[in-house]
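The values are calculated or read from the model by the stated rules, or taken from the named source; none is laboratory data. The model shown is predicted, which means the values in this text are computed figures rather than measured ones. Note: ideal-geometry Cβ built from the backbone for every residue, glycine included; neighbour counts use all protein chains shown. Only protein heavy atoms, including side chains, enter the accessible area calculation; ligands, DNA and RNA are left aside. Shrake-Rupley method; radii C 1.70, N 1.55, O 1.52, S 1.80 Å.
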Amino acid sequence: MAVSAIFGAKVNRREDPRLISGTGTYASDVALANMAYAAFLRSPHAHAKIKRIDAEKAKKLPGVVTVLTGKDIGSKLNPVPCAWPVTGADVKIPKYYPIAVDRVRYVGDPVAVVVATSPYEAADALDAIVVEYDPLPAVILQEEAMKKGAPLLYEEVPNNIALHWKIGGGNVSDAFSNAEVTIKERFVNQRLQPTAIETRGATAQYDPSTGMLTMWVTTQNPHVHRLLLTLMTGIPEQKLRIISKDVGGGFGSKIPCYGPEAVVALLAKETGVPIKWVEDRHENYVATIHGRDHVQYVELAGKKDGTITGLRVKVYSNLGAWLSTAAPGVPTILFGLILPGAYKIPNVECEVYGMVTNTTGIDAYRGAGRPEATYIIERLVDIFAHKIGMDPAEVRLKNFIPKDKFPYNTATGLAYDSGNYEGALFKALGMVSYDNLRRELQMLRSEGKLVGVGISSYVEVCGLGPSSVVRSTGFALGLWESAIVRVHPSGKVSVFTGGHPHGQGEETTFAQITASELGVLIDDVEVIHGDTDRIPFGMGTYGSRTTPVAGGSIVIACRRIKDKGKKIAAHLLEAREEDVQFDSGKFFVTGVPGVSKTLAEVAWASYGAGSNEIPSGMEPGLESTAFYDPPSFVFPFGTHVCQVEIDKESGQVKIKRYVAVDDCGKQVNPMIVEGQVHGGIAQGIAQALWEEAVYDEHGNLLTGTLSEYAVPTAVELPKYETTSTETPSPHHPLGLKGVGETGTIASTPAVVNAVCDALSPYGVENIDMPLRSDKIWRILKEKGISK
C-alpha cells in the first residue's frame with residue numbers, strides 16, 4: 001500500500017472551477033439546432049381509470065409539433081424495467097408503462113406528452129388537453145395496502161404485496177425466551193424526497209443516416225441507463241449513445257431509468273428533430289423517486305449486564321406505484337444484512353414486506369437501506385441502555401466486535417473486512433470530554449434545561465460488488481468496475497472510467513491515484529467519464545463504490561502499464577527485467593539509479609515500436625484496460641456524537657455540538673473525505689429534524705415544492721467537528737473504503753438519541769421523526785414541561 005505524496009494530499013477539486021463559474025454542461029445546458037421541447041401532462045388523481053383523452057385543441061395550438069397519449073405509443077415502448085428482482089423474495093414486477101394507458105396509479109403519473117417549438121408553447125398545450133377520469137379508491141400507507149379489501153393497484157400483485165423476504169441467523173426464539181431484558185418498539189423511518197440541486201432532464205437527437213440516437217441525460221450510471229433504455233425502446237445498445245457530462249447531484253434519484261426518458265428517445269426518432277425535456281421542481285418532487293418509508297417493528301433481547309443477545313425485525317416497506325430500477329434490493333439486501341451493525345449479536349431475524357401504493361416510487365436514497373438499519377440498532381442500543389441503567393457508551397463498548405476478530409462473519413451472512421470500533425468511539429468521546437459532558441448536562445438539567453447527548457456507532461456495507469454475491473441476490477449484472485488508462489507518446493495520461501462522479505470529486509481523486517501510481521504530475525492526468533462512446537462499459541456511481549471499485553480498476557490498469565513499462569525499459573537499458581525498478585516516474589536499474597528512463601521516454605518508445613525501442617513480439621502502445629471485481633464488500637465505520645438543547649417555549653431543537661469520527665480506510669484526499677462527511681451529516685440531520693414527504697388521504701403530495709418540503713440551509717445546521725481513524729481494507733489494492741454515505745447513516749440516530757436523552761427524565765423513550773418543533777412542543781405540553 002506504499003503511495004507517493006500526492007496520494008493523501010488535500011488537493012483542491014479540479015472540477016470545481018467549471019462548476020462554480022457556469023461553464024459546466026448540465027442537462028438543461030444542451031442546445032441543438034431546431035430543438036423542440038417535451039412536456040408531460042400528469043395525473044391529478046392518485047388512482048383512476050382514464051375514460052377519455054381529447055388532445056385535438058392542443059394539437060392545433062401554435063408551435064405544437066405533436067401530442068401523444070399512452071394509447072398512441074401503444075407497443076412502441078416496453079414497460080419500465082426493474083433491475084433487482086431479489087432472489088427468494090417472491091418479487092412481483094407489475095407492468096408499468098412510460099405513459100399510462102388506461103389507469104393512473106399516483107398523482108404525477110404521465111398521461112400525455114406534448115412536443116412544441118418552445119417550452120412555453122408546450123406548457124400552454126398541456127392546459128388544452130382534456131382528460132376524463134373515473135376516480136378509484138387510493139391506498140397511501142403500506143400497512144393499509146396489504147389489508148383485506150384494500151384498493152388493488154395491479155391484478156398481478158395480489159394484496160399489493162410486491163415482495164416478501166426473510167433472513168436470519170442463530171436461534172432468535174431461544175434468545176428471546178432466555179432474555180433477562182427485552183425491548184419492543186415501533187419505529188417510522190419516514191419518506192424523504194431527494195432534492196438534488198439539478199432536477200432530471202433529457203435531450204435526444206436521432207440520426208436517420210446511421211440509426212444512432214444520442215441522449216444527454218441526468219444519470220449516475222450511463223451504461224446502465226443505456227441498457228435500460230434499450231429494454232424500453234428496442235433501440236440496440238450500439239445505436240444508443242448516452243452522454244452525462246455534469247450532473248448536479250443525484251443521491252440515488254438518478255440511478256433509475258424513468259419512463260419519460262424513453263418517451264423523449266421515441267419522440268426524437270419519430271419527429272426527426274432533437275427533443276428536450278427538463279423537470280421543474282414540483283414535477284421532480286411528484287415524479288422522481290422518493291426514499292426510505294419504512295414502518296419497523298423491532299425487538300431486542302439482552303442481559304442486565306448490557307449484553308445484546310438477539311434482534312428481531314419486521315418491516316413494512318412502501319415501494320410506491322411501480323418497482324423502480326433497484327427498488328426491491330434496498331429494503332432487503334442493503335437493509336437486512338447490515339442490521340447487526342457494529343455489534344456481535346449472535347441471533348438475528350428479519351422479515352420484510354414490500355408493498356405497492358398510490359404514491360411516487362421508492363428507490364435508493366443516500367445510504368439506501370443502511371440508514372434504515374443503523375437507525376434501528378442505534379436507537380435500540382440507547383433504549384436498552386436506559387432501561388438497564390447503563391451508559392449508552394458502555395453498552396456499545398461491551399457489544400462491539402473486537403478489532404482482533406476481523407474478518408468477522410455476522411449472523412446475517414456478511415464478512416466484515418476490518419474494524420476498530422472501540423478506537424473510533426474512544427476518539428469521539430475524547431473530543432467531547434464525555435464524562436465531563438455528562439456531569440455538565442446533569443448540572444444543566446438541575447437548572448431546568450432540556451439537554452442531552454446522543455451517540456451513533458455505525459458500520460456500513462458498501463463498495464458494491466462483488467459480482468458473485470450481488471448476482472446471487474438477483475441483481476441484473478455484476479458490480480465490477482472498468483478503466484482504461486492510456487499513456488500518450490508525450491507521457492501525458494488519459495483515464496477513462498466506468499464510474500460516473502457527480503459531485504463526489506473523483507475527477508480529482510482518480511487523478512491523484514493515477515499520478516501516485518505512475519509518478520506523473522496530477523496536471524498531466526485527464527479523467528474522462530460520462531460518455532458511453534468514450535468510456536468502457538461501467539456500472540456507475542452509487543453505494544459508495546466509485547473510489548474503492550472504480551479506483552481499484554484504475555490502480556490495476558496503472559500497475560499493468562508499469563509492468564509493460566519495465567519490459568520496455570529493460571530493453572532500452574539493456575538490462576534484465578527483474579533488475580529494473582520503478583519509482584517516482586522513472587525506470588532504473590537496481591543499484592544504478594542514475595541510469596534510468598522516464599515514463600515519458602518509455603511511452604515514446606512504445607509508440608515508436610522500433611526494434612531498438614520495444615522487445616520483439618511486443619504490441620506497440622502503452623495503455624491498459626482493467627476490470628476490477630472486488631473479492632468482497634468494504635465496511636467503513638465510525639462514531640458520531642451529538643449534543644442538543646431543546647427550547648421549552650417553542651420545542652425547537654438546537655444542536656450545540658456535533659462531532660464525527662469516521663474510518664474509510666486509506667484516504668486519497670482528506671479534504672474531499674471531509675466534504676463528503678459534511679454533506680452526509682447535513683442530510684441525516686435533515687431527516688432527524690425536518691424533512692418528510694407528506695401525502696393526504698387522497699394521495700396528494702402536500703410537500704410538492706421547496707416551500708413545504710423543509711430542506712435545511714447553513715443557518716439551521718451546526719458546525720461539524722470531523723476527524724478520522726484509519727483501518728485499511730485488507731483486500732483492496734490501496735486499502736480504500738467508501739465514504740459518500742457515512743455521514744447520512746450515522747447522523748440521524750445520533751440526533752434522535754440526543755433529543756430522546758434530553759427528554760428521558762420525563763419518561764420519553766421514543767419520538768418518530770422528524771423531530772420538528774411543533775411535535776416536541778406538544779410532547780412538552782403533555783408532560784407539563786414549561787419554561
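Only residues that are without any contact (Cβ under 8 Å) to a residue 40 or more places away in the chain and either touching a Pro at 6+ places or on another chain (Cβ under 9 Å) or assigned to a helix (DSSP H, G or I) (or both) were counted across the stretch 145-157, and they come to 3.
Only a single item in (1) crowded, with 22+ Cβ neighbours inside 10 Å; (2) within 15 Å of Asn420 (Cβ to Cβ) is not met by Asp404, and it is number (1). On inspection, Glu422 passes the criterion of being open to solvent by 10 Å² or more (accessible area, probe 1.4 Å), assigned by TED's automatic domain parsing to the domain that holds Asp768 and touching a residue at least 24 places away in the same chain (Cβ under 8 Å).
Residues of the stretch 498-515 that are closer than 18 Å to Gly740 by Cα and among the hydroxyl-bearing types (Ser, Thr, Tyr): Thr508, Thr509. Every listed requirement among (1) under 26 Å from Glu674 (Cα atoms); (2) of a type outside the set (Ser, Thr, Tyr); (3) more than 19 Å from the chain's Cα centre (by Cα); (4) surrounded by 24 or more Cβ atoms within 10 Å (Cβ to Cβ) is met by Gly519 save one, (4). Looking only at the stretch 369-400, residues that are within 26 Å of the chain's Cα centre (by Cα) and either in a loop (DSSP other than H, G, I, E, B) or farther than 30 Å from Gly354 by Cα (or both) come to 1 in all. Contact map, the stretch 564-592: first residue among the aliphatic types (A, V, I, L, M), second residue assigned to a strand (DSSP E or B) and surrounded by fewer than 17 Cβ atoms within 10 Å (Cβ to Cβ), Cβ cut-off under 6 Å, separation 6 or more or different chains; pairs are Val589/Val595.
Inspect all residues belonging to the stretch 492-508 and state whether any of them is open to solvent by less than 20 Å² (accessible area, probe 1.4 Å), small (Gly, Ala, Ser), touching a residue at least 24 places away in the same chain (Cβ under 8 Å) and in contact with a Phe, Trp or Tyr (Cβ under 7 Å, 6 or more places away or on another chain). Yes: one or more hits.
Checking each residue in the stretch 735-769 for being surrounded by 23 or more Cβ atoms within 10 Å (Cβ to Cβ) and in a loop (DSSP other than H, G, I, E, B) picks out Lys737, Gly738, Val739, Gly740, Glu741, Met769. Given the condition over 21 Å from the mean Cα position of the chain (by Cα), acidic (Asp, Glu) and crowded, with 18+ Cβ neighbours inside 10 Å, answer yes or no: does some residue in the stretch 714-727 qualify? The answer is no; no qualifying residue exists.
If you go through the stretch 65-82 and keep only what is open to solvent by 30 Å² or more (accessible area, probe 1.4 Å) and in a loop (DSSP other than H, G, I, E, B), you end up with Asn78, Pro79. Pairing residues of the stretch 525-538 that are over 20 Å from Gln512 (Cα atoms) with residues that are assigned to a loop (DSSP other than H, G, I, E, B) and open to solvent by 10 Å² or more (accessible area, probe 1.4 Å), at Cβ distances under 8 Å and at least 6 apart in sequence or on separate chains, gives Asp531/Lys245. Within the stretch 289-336, the set of residues being surrounded by fewer than 24 Cβ atoms within 10 Å (Cβ to Cβ) and β-branched (Val, Ile, Thr) comprises Val295, Val298, Thr307, Thr309.
Counting only strands (runs of 3 or more DSSP E) that sit completely within the stretch 242-338, those holding 3 or more residues that are more than 30 Å from Lys166 (Cβ to Cβ) and not charged (D, E, K, R) correspond to 275-278. When Gly88 is tested against the conditions (1) closer than 21 Å to Asn284 by Cβ; (2) open to solvent by 50 Å² or more (accessible area, probe 1.4 Å); (3) part of a loop (DSSP other than H, G, I, E, B); (4) among the small types (Gly, Ala, Ser), the lone failure is (1).
Scanning the stretch 545-560 finds one or more residues that are in contact with a strand residue (DSSP E or B) (Cβ under 9 Å, 6 or more places away or on another chain) and either in a loop (DSSP other than H, G, I, E, B) or over 16 Å from Pro733 (Cα atoms) (or both). Within the option set Ala626, Ala605, Ala693, being open to solvent by less than 40 Å² (accessible area, probe 1.4 Å) and either touching an Asp or Glu at 6+ places or on another chain (Cβ under 7 Å) or closer than 17 Å to Glu741 by Cα (or both) holds for one residue only, Ala605. One residue alone among Glu623, Glu649 is among the charged types (D, E, K, R) and closer than 30 Å to Ala686 by Cβ, and that residue is Glu649.
For the stretch 489-509, a residue qualifies if it is within 25 Å of Phe587 (Cα to Cα) and in contact with a Pro (Cβ under 8 Å, 6 or more places away or on another chain), and exactly one does: Phe496. Could you list, in sequence order, the residues of the stretch 426-474 that are farther than 28 Å from Tyr762 by Cα and either part of a helix (DSSP H, G or I) or open to solvent by 50 Å² or more (accessible area, probe 1.4 Å) (or both)? Of everything in the stretch 426-474, those that are farther than 28 Å from Tyr762 by Cα and either part of a helix (DSSP H, G or I) or open to solvent by 50 Å² or more (accessible area, probe 1.4 Å) (or both) turn out to be Phe426, Lys427, Gly430, Met431, Ser467, Ser468, Val469, Val470, Arg471, Ser472. Of all the residues in the stretch 656-696, those that are closer than 30 Å to Ala138 by Cα and not in a strand (DSSP E or B) number 10. Gly538 meets all of the listed conditions (1) in contact with a His (Cβ under 6 Å, 6 or more places away or on another chain); (2) outside any loop (DSSP other than H, G, I, E, B) but one, namely (2).
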